[in-house]
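Shown next, in structure tokens, is the structure this report addresses.
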Amino acid sequence: MKRLSDFKKLQSGVITQIDESCISSNKGFIAGEVEARLLEMGFIEGANVKLLHKGMFGGDPIAVRINNNNTMIALRKRDASVILTKEVI
Amino acid sequence: MHKNINIALVGNPNCGKTALFNALTGSKQRVANYSGVTIEKKHGYFITKKHINCTLVDLPGTYSLRSHSPDELITRDVVLGTFGEEEQIDLILCIIDATNLQNGLRLVLELKQTGKPLMIALNMIDIAKRRGYNYDLQKLQQELNCHIVETTAIKKQGIAELVAVVDDLVPDLHASTCTWQAPDLSESRNYHARVAEILEDVKITQGTPSLCSQRIDTVLLHPFYGITILLAILFLLFQAVFSWAEVPKDMMQSGVDWLQAYVTGLFPNTLIGGLIGDGVIAGVGAVVVFLPQILIISLFVILLEDSGYMARAAFLMDRIMASCGLHGKAFIPILSSFACAIPGIMATRTIENRNDRLVTILVSPLTTCSARLPIYTLLISAFIPTTTVFGLFNLQGIVMFALFAIGIIFVLLVAFVLKFFFLRSGKQISIMELPSYKIPSIANVAMELIKPAKSFLRRAGTIIVAIMIVLWFLSTFPHAPIGATLPAIDYSFVGKIGHYLEFIFLPIGFNWQIVAALIPGMAAREIAVSALGTIYAISGNEEVVRQNLTLFLQHSWSLATALSLITWYIFAPQCISTLAVVKRETNSYKWPIIMFTYQIVLAYVMAFIVYRTVLLLGLHQF
């Protein structure tokens with residue numbers, strides 16, 4: 001079990017769960033919003049994710065490829081921390 | 001058979017929607033605004049072989065009909081036909097990226113729920129085939145129960161086939177009942193599951209992402225080289241704007257001068273000659289010569305956007321933007337604001353959170369837009385020596401760069417203050433696509449480049465002509481009394497207004513001529529230079545043409561006044577069009593008033609500090 005936000009460069013994994021609870025306790029988030037946005041962009045249980053690039057400051061934001069798609073998705077580590085993965089076997 | 005139908009063009013961002021819109025409608029496009037709201041309404045027209053008049057409505061890109069930004073709200077309302085007086089949509093044309101069926105099909109499934117007739121353009125099919133994304137198209141059509149046309153919009157491939165399908169569909173366009181509801185989390189997952197089933201059935205083979213793009217990204221998204229290259233690109237942009245644009249600009253300037261002399265010569269010593277020659281031609285000419293710079297900066301922005309680099313720039317800048325509370329996406333509106341704050345403010349629509357969007361709108365006029373260049377150029381060449389510093393840099397160039405830097409610093413600073421004291425917003429998810437790199441199509445770039453040029457010239461031809469005429473009247477009438485000792489302009493309305501307001505601006509070193517020039521300069525910054533020309537040309541005994549204005553100012557203003565005026569121009573809300581756009585975009589008078597107030601206070605305070613500091617240091621003697 002590893003959060004997408006903790007990935008090293010070029011590490012990949014399969015999404016097991018998208019769990020908003022670890023950040024939505026922070027004030028200001030509309031419940032369900034982060035999860036809904038991630039789902040719409042293609043982060044879904046069972047999808048393969050691979051971290052390709054990290055930003056200059058603190059490795060934030062990150063660029064991720066889902067299911068070998070032609071486009072990458074850029075997101076902030078804070079948002080990526082709700083995506084739980086397991087290692088690909 | 002003659003028939004008119006409305007087609008809505010819907011799709012994810014970055015799937016080539018604009019290219020398809022341009023390919024289908026060519027130059028038959030019209031941009032207006034949706035009534036009541038502020039979103040740009042882009043309509044285009046085409047006629048099919050069977051003489052059906054099609055109105056194509058380009059809708060903002062979206063991933064779902066569930067909306068969270070003003071843009072996405074429009075897409076939903078127009079598609080559902082719940083948008084007030086807008087006409088009902090007869091057919092939805094959904095464009096999807098053939099290399100990313102997952103997100104595209106998810107949207108298609110939602111669109112099917114609306115009950116409207118639907119057809120699909122499977123775009124970027126050339127890239128998909130090259131990269132090995134294969135599937136059974138027939139099967140996909142069956143699964144989705146709608147027509148699918150393979151297109152490569154950027155090369156205009158598949159367009160004729162697409163239009164032919166419209167012809168086939170038109171005799172039988174019926175909308176069934178709409179069963180769409182905003183999907184909750186479990187429904188959102190169900191859509192994904194259904195897409196997965198479909199992809200299984202059509203035996204998709206997932207291709208490999210563009211290797212070339214990946215290689216480019218290892219450099220362009222590199223933590224160190226990436227930022228370096230971004231800065232180099234920005235530097236190149238400024239270089240292009242300030243030195244390459246000079247050649248066409250000088251040519252246009254000589255054209256304007258010749259025309260002015262010619263027209264004035266036609267009506268020697270008459271009021272009408274003065275009005276047309278000195279008022280209109282000189283005034284409008286002073287603005288129109290900035291067209292090359294606007295074209296260059298727009299070209300850069302379009303090329304960066306179309307090639308896919310703009311999203312990378314936003315990625316690289318995200319952390320810096322985040323540090324002052326802005327969204328990574330705010331980088332694009334702010335970069336566009338270097339050309340003009342108006343397209344910049346309109347580009348903020350992609351920012352989902354209302355407060356984040358307001359902050360970006362409020363700070364974008366602080367970027368150094370091209371309309372500030374005339375006054376900067378004039379004052380720099382008049383007051384800053386052309387000394388070479390460190391054996392390499394020109395002092396004038398350094399000052400110009402510093403002015404840009406100050407603009408950017410204050411964008412970030414003001415954003416920070418607004419964000420953390422006034423417009424706090426809840427934490428926002430910040431997520432965007434980084435599409436693979438593409439070579440921009442020349443035809444498409446040309447079409448997109450014409451738009452800012454057109455709106456700039458339209459502005460010069462309408463508002464600026466009107467202001468120049470008014471200014472000419474105000475500075476010509478009433479005439480000086482016979483036997484007057486002071487220059488004629490002292491007696492005119494402009495002189496009176498300038499004198500009347502002078503006391504407010506004396507503490508920051510402005511004389512009444514500057515104050516008088518600032519008044520028409522409120523309408524558009526670039527007018528201030530020609531206004532100063534008009535004011536001094538009239539007030540001087542000998543004919544002071546604009547080329548001599550530089551020389552003239554050196555003798556009549558102190559360095560402190562010049563620097564104070566430059567500072568004023570960094571911050572002051574000298575642009576009514578910007579305020580009008582903010583009113584339109586926020587749909588209230590509150591925000592333009594707030595923007596005007598904070599800018600004018602900031603401008604006054606900063607100009608005061610600069611003026612007093614220069615005086616204290618005794619630099620005014622130089």
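Test of understanding: what is the full-extension gain from B:Gln141 to B:Ser381, defined as 0.36 nm times their sequence separation minus their Cα-Cα distance?
Details: separation 240, 0.36 × 240 = 86.40 nm, distance 6.56 nm.
So the extension gain works out to 79.8 nm.
Hey, what did region B:350-453 get for relative contact order, percent, Cα under 8 Å, at least 6 apart? Display every interim value, and only then the final one.
Numbers: 51 pairs, mean separation 35.7, N = 104.
Value for region B:350-453: 34 percent.
Work out which residues of region B:185-206 lose at minimum 40 square angstrom of accessible surface when the other protein chains are put back, relative to the chain isolated, with a 1.4 angstrom probe, and list them by number.
Residues shielded by partner chains are B:Leu185, B:Arg189, B:His192, B:Gln206.
Report, to the nearest whole %, how much of the accessible area of chain B belongs to carbon and sulfur atoms, 1.4 Å probe, protein only. Before the final figure, lay out the partial values.
Details: 17470 of 26690 Å².
Summing carbon and sulfur atoms, their accessible area is 65 percent of the total for chain B.
Looking at chain B, do any whole DSSP H helices span at least 27 angstrom along their long axis by alpha carbon and average -0.5 or above on Kyte-Doolittle, and which?
Values: long enough: B:246-266 (30 Å, -0.08); B:395-417 (32 Å, 2.79); B:590-617 (40 Å, 1.55).
Span-like helices, by this rule, are B:246-266, B:395-417, B:590-617.
For region B:287-329, what are Rg and Dmax over the alpha carbons, in angstrom?
13.8, 38
If you place +1 on the Cβ of every Lys and Arg, -1 on the Cβ of every Asp and Glu, and leave all else neutral, what size is the dipole of region A:2-87 about its Cα centre, to the nearest 20 Debye? Intermediate results must be reported in sequence, preceding the final value.
Details: 13 positive and 10 negative charges, 89 e Å.
In total the dipole reaches around 420 debye.
Of the options B:Leu199, A:Leu10, B:His479, report the single residue whose Cα projects farthest towards the positive end of the charge dipole of the protein assembly as shown (beta-carbon charges: Lys, Arg +1; Asp, Glu -1).
Of B:Leu199, A:Leu10, B:His479, it is A:Leu10.
So, in region A:2-87, how many Lys pairs have Cα atoms under 17 Å apart, if the pair is 8 or more places apart or on different chains?
Here the count comes out as 14.
Label B:Phe421 and B:Asn4 with points 7 Å out from Cα along Cα→Cβ: what is the distance between them in nm?
Placing both labels 7 Å beyond Cα along the Cβ direction yields 5.3 nm.
Quick check for me: using +1 on Lys/Arg Cβ and -1 on Asp/Glu Cβ, what's the dipole size of the protein assembly as shown about its Cα centre, in debye to the nearest 20? Mind dumping the intermediate values first?
On the way: 59 positive and 52 negative charges, 186 e Å.
Dipole size: approximately 900 debye.
If you stretched the chain out fully between B:Arg612 and B:Asp257, how much longer would it get, using 0.36 nm times the residue separation minus the C-alpha to C-alpha distance? The partial results should precede the final answer.
Working: separation 355, 0.36 × 355 = 127.80 nm, distance 3.84 nm.
Result for the pair: 124.0 nm of gain on full extension.
List the accessible area buried at the contact between A and B, summed over both sides and calculated with a 1.4 Å probe, in Å² to the nearest 100. Show your work: numbers first, answer last.
On the way: alone 5570 and 28710 Å², together 30230 Å².
Answer for the A-B pair: about 4100 Å² buried.
Extending each Cα 7 Å along its Cβ direction at B:Ser27 and B:Ala160, get the distance between those two points in nm, one decimal.
2.3 nm
Per residue of A:48-56, count partner chain C-beta atoms within 10 Å of its C-beta, then hand back the mean as an integer. Please report the intermediate quantities before stating the final value.
Working: counts 1, 0, 0, 0, 6, 11, 3, 12, 10.
Mean shielding count: 5.
Provide the FRET efficiency to the nearest 0.05 for the B:Gln239-B:Ala480 pair, computing r from the beta carbons and using R0 = 45 Å. Walk me through the numbers before you get to the answer.
Working: r = 47 Å, r/R0 = 1.04.
That pair, B:Gln239 with B:Ala480, gives E of 0.45.
Enumerate by residue number the trypsin sites (Lys or Arg not before Pro) in region B:161-222 meeting two conditions: DSSP loop (anything except H, G, I, E, B), and at most 13 other Cβ atoms within 10 Å of the site's Cβ.
On the way: sites: B:Arg189, B:Arg194, B:Lys203, B:Arg215; in loops: B:Lys203.
Loop-located and lightly packed - B:Lys203.
Which value, in Å² and to the nearest 10, is the accessible area of B:Tyr135 when all protein chains are kept and the probe is 1.4 Å?
Accessible area of B:Tyr135: about 40 Å².
Quick check of the Kirkwood formula: for the protein assembly as shown, what is the inverse mean of 1/r over all pairs of different Cα atoms, in Å? Walk me through the intermediate numbers first.
Values: mean 1/r = 0.0359 Å⁻¹.
Hydrodynamic radius (Kirkwood, Cα only) of the protein assembly as shown equals 27.9 Å.
What trypsin sites (Lys or Arg not before Pro) in region B:386-451 are in a loop by DSSP, with at most 12 other Cβ atoms within 10 Å of the Cβ? Could you put the intermediate results ahead of the total?
On the way: sites: B:Lys419, B:Arg424, B:Lys427, B:Lys438; in loops: B:Arg424, B:Lys427, B:Lys438.
Qualifying residues, ordered by number: B:Arg424.
Which parts of region B:458-480 would a label at B:Ser577 reach, counting a residue when its backbone N lies under 13 Å from a point 7 Å out along Cα-to-Cβ?
Taking a point 7 Å out along Cα→Cβ of B:Ser577, the residues of region B:458-480 whose backbone N falls under 13 Å are B:458-467.
Within 10 Å of each Cβ of B:312-323, how many other protein chain Cβ atoms are there on average?
Values: counts 4, 0, 2, 8, 5, 1, 8, 8, 3, 0, 6, 1.
Mean shielding by partner chains, rounded to a whole number: 4.
With +1 on the Cβ of every Lys and Arg and -1 on the Cβ of every Asp and Glu, and nothing else charged, how large is the dipole of chain B about its Cα centre, in debye rounded to the nearest 20?
480 debye
Counting pairs of alpha carbon atoms under 8 Å apart in space and at least six apart in sequence, what relative contact order in percent does chain B give?
In percent, rounded to a whole number, it is 11.
Viscosity 1.567 mPa s, temperature 4 °C: Stokes-Einstein D of region A:2-87 from its Kirkwood Cα radius, in µm² per second? Spell out each step's value before the answer.
On the way: Rh = 12.8 Å.
Value of D from the Cα-based Kirkwood radius: 101 µm²/s.
Which value at 222 nm does chain B reach when only helices count, each DSSP H run of 4 or more adding -39,500 (n - 2.57), with the total divided by all residues and rounded to the nearest 500 deg cm²/dmol?
Values: 27 runs with 342 residues, N = 622.
Helix-only estimate at 222 nm: -17500 deg cm²/dmol.
Which FRET efficiency value, to the nearest 0.05, do you get for B:Ile497 and B:Thr228 by plugging their Cβ-Cβ distance into 1/(1 + (r/R0)^6) with R0 = 51 Å? Mind showing how you got there, number by number?
Details: r = 50 Å, r/R0 = 0.99.
The computed FRET efficiency comes out at 0.50.
The values are calculated or read from the model by the stated rules, or taken from the named source; none is laboratory data. Predicted model, so just to flag it, every value in this text is computed and none were measured. Neighbour counts are summed over all protein chains in view; Cβ atoms, including those assigned to glycine, are modelled from backbone coordinates with ideal geometry. Heads up: the accessible areas ignore ligands, DNA and RNA and are worked out on the full protein's heavy atoms, side chains in. Shrake-Rupley method; radii C 1.70, N 1.55, O 1.52, S 1.80 Å.
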